[in-house]
1. Picking from Ser119, Leu167, Leu186, whose Cα lies most toward the positive end of the charge dipole for segment 109-231 (charges on Cβ: Lys, Arg +1; Asp, Glu -1)?
2. Which ³J(HN,Hα) values, rounded to whole Hz and listed in residue order, are derived for segment 312-325 from phi using the Karplus coefficients 6.51, -1.76 and 1.60 in 6.51 cos²θ - 1.76 cosθ + 1.60 with θ = phi - 60°, glycine and proline given as x?
3. Stretched out fully, how many nm does the piece from Asp89 to Glu245 gain, at 0.36 nm a residue minus the Cα gap?
4. Using Cα atoms only, what is the angle between the long axis of helix 11-20 and the major principal axis of the chain, expressed in degrees (0 to 90) to the nearest 10?
5. In nm, give the distance between the simple-model label positions of Asp223 and Glu65, each being 7 Å from the Cα along the Cα-to-Cβ direction.
6. How far is it, in nm, from the label point at Thr130 to the one at Asp80 when both lie 7 Å from their Cα along the line to the Cβ?
7. For Lys185, list the lysines whose Cα falls under 17 Å from its own Cα; do not include residues on the same chain fewer than 8 positions away.
8. Evaluate Rg over Rh across segment 1-94, taking Cα atoms for both radii and Kirkwood's formula for Rh.
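Coordinate-derived values only; no laboratory data. Bear in mind the structure is a predicted one, so any value in this text is a computation, not a measurement. FYI the Cβ positions are ideal-geometry reconstructions off the backbone, even for glycines, and counts take in every protein chain you see.
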Amino acid sequence: MRKLVLLGGGYGNMRILLRLLPNNFPKDTKIIIIDRTSHHSLKTEFYALAAGTTTDKHIRVSFPEHERLEAVYGEITKIDRKEKVVYLDNGKKVEYDDLVIGLGCEDDYHNVPGAEENSYSIQTIAKSRTTFETLCGLPPGSVVGIVGAGLSGIELASELRESRSDLKIKLFDRSPRILRAFPEKLSNYVKDWFVKNDVDVIAESNITMVEPTKLHNHDQVIDVDAVVWTAGVKPVKVVRDMDVEQDKKGRPLITEHYHLLDDENVFVIGDCAASDLPATAQLAEEQAERVVKVLKYRWNNEPLPEKLPPIKLKGFMGSLGKKQGFVHLADTTVTGRIARLMKSGLLWMYKWQNDSQ
Ligand SMILES: Cc1cc2nc3c(=O)[nH]c(=O)nc-3n(C[C@H](O)[C@H](O)[C@H](O)COP(=O)(O)OP(=O)(O)OC[C@H]3O[C@@H](n4cnc5c(N)ncnc54)[C@H](O)[C@@H]3O)c2cc1C
């Protein structure tokens with residue numbers, strides 16, 4: 001049997017399974033999915049887990065079941081392309097013929113002293129649980145610093161505000177205005193929500209050091225009881241450690257057909273692949289669609305088209321607590337309750353489409 005091995009059960013590889021199962025792959029091929037957890041975690045909802053407004057079970061989806069699909073669990077520690085073997089920390093090793101690397105990303109601390117040691121994270125489900133325990137266990141009136149006002153920082157700050165009205169929340173934004181890359185109307189809407197809900201947004205900040213109970217913003221020292229880092233990501237270590245050509249962020253460079261420049265059997269998708277587009281679940285899924293296309297051309301012994309259809313992202317959605325949100329689609333911005341309902345609806349649809357149990 002040929003082995004198609006999927007590294008990481010994230011958004012990208014879940015889309016591959018959705019397209020290939022139950023009968024859209026050759027009879028002589030077996031699929032093996034490897035992840036450190038026994039389920040697909042809905043990373044886009046980790047902010048709610050950390051804020052204590054959703055449960056762990058609500059943001060997990062079981063991997064599908066199929067007679068030619070095997071799930072292997074453990075921490076992937078090494079990808080050996082010469083031997084075509086993936087190594088896990090529990091001593092297991094898995095051989096592959098074709099490999100799709102969709103292992104996602106982790107926090108990038110940008111060499112800020114103390115940031116890694118003294119801040120909490122929402123990059124993995126396990127870390128989000130730890131962050132939840134800390135944030136929700138803080139005594140009344142405690143100060144929480146959230147470093148980074150991208151989508152995940154904004155969503156965490158607003159969800160935490162709804163979860164704990166007694167906390168002082170400080171959101172540190174590097175830009176002069178929140179969501180600077182998007183229309184001013186959207187920035188103003190988010191800014192107004194934070195003013196109304198007593199979240200302190202500190203614009204043009206530059207965090208230079210994190211201590212256990214202190215944040216250094218430029219030259220100012222701010223007392224905090226907990227810090228959550230949402231200020232940038234880089235590919236996971238096992239991908240950064242690969243001996244391949246990478247971009248400045250350490251993401252492997254890939255071809256038009258989503259495989260490594262020097263290895264047509266190793267595809268890379270999602271947050272850990274080099275791309276000019278923003279790293280999103282949407283991008284991971286679109287890349288997965290194209291990997292499926294490439295595999296099908298090969299399985300049918302058909303020549304590959306020189307170029308695959310370009311990826312156009314549809315837009316993005318964000319929430320401000322459970323009742324308000326924003327959607328930016330096809331150059332149109334929708335804010336308020338309807339936008340929030342659209343986001344909840346999308347989550348429901350996603351779970352319905354992917355959850356086999
Ligand atoms: C709070 C938050 C909100 C977000 N909101 C949105 C949004 O609204 N819309 C959007 O499009 N995107 C959003 N994103 C980004 C989105 O979550 C990512 O772009 C997406 O998850 C990337 O998918 P992926 O398939 O590359 O990897 P992931 O979904 O991250 O999956 C990677 C998988 O690999 C596994 N893994 C990693 N390393 C190892 C290892 N060494 N061994 C074994 N297993 C491993 C992990 O357990 C995980 O299952 C958000 C991100 C965050 C943090």
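1. About the Cα centre, the residue reaching furthest to the positive side is Leu186.
2. Couplings: 10, 6, 7, x, 8, 10, x, 10, 10, x, 8, 10, 10, x Hz.
3. Details: separation 156, 0.36 × 156 = 56.16 nm, distance 2.52 nm.
Roughly 53.6 nm would be gained on extension.
4. With rounding to tens, the tilt is 30 degrees.
5. Using points 7 Å along Cα→Cβ, the separation is 5.6 nm.
6. Here the modelled spin labels are 3.0 nm apart.
7. Result set, ordered by chain and number: Lys196.
8. Working: Rg = 14.8 Å, Rh = 14.5 Å.
Across segment 1-94, the Cα-based Rg/Rh ratio is 1.02.
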